[in-house]
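Worksheet: the structure to be examined is printed underneath.
Bear in mind that the values in this text are calculations on the coordinates, not laboratory data. Everything quoted here is computed from the prediction, not taken from an experiment. Here the Cβ positions follow ideal geometry from the backbone for every residue, glycine too, while neighbour counts run over all protein chains shown.
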Amino acid sequence: MSILKAVAIGTAGNELSKKITGTDEVSAGRTIVAAGSGAMLGAAAAGTITVGAAAVGIVAAPIAIPLAVGAALVAGIASLFD
């Protein structure tokens, strides 16, 4: 996992949460949306969201899980300081 990649994806998750919620105000709801968006973007970037490729998901798990968690943390924290 690249820390810079997690930061970039987490920041994108925070920006996505602003569009989903329609506000840029700090709130618990937007933080939850930001963390979820960051986790989904991190999982997608790591390649674990595949259709019918269970073997690829298992092989990519050591990279994907830390990237998704890191991106979720960055997005959640970024949403608190907008």
Ranked by Cβ crowding within 10 angstrom, fewest neighbours first, how are Ser2, Ser17, Ser79 ordered?
Ser2, Ser17, Ser79
Got a sec? How would Ile3, Ile65 order by Cβ neighbour count within 10 Å, fewest to most?
Ile3, Ile65
Report the gain in length on full extension from Val7 to Asp82: 0.36 nm times residue separation, minus Cα-Cα distance, nm rounded to one decimal.
25.5 nm
Radius 15 Å from Cβ of Glu15, net charge of other residues (Lys, Arg +1; Asp, Glu -1):
0
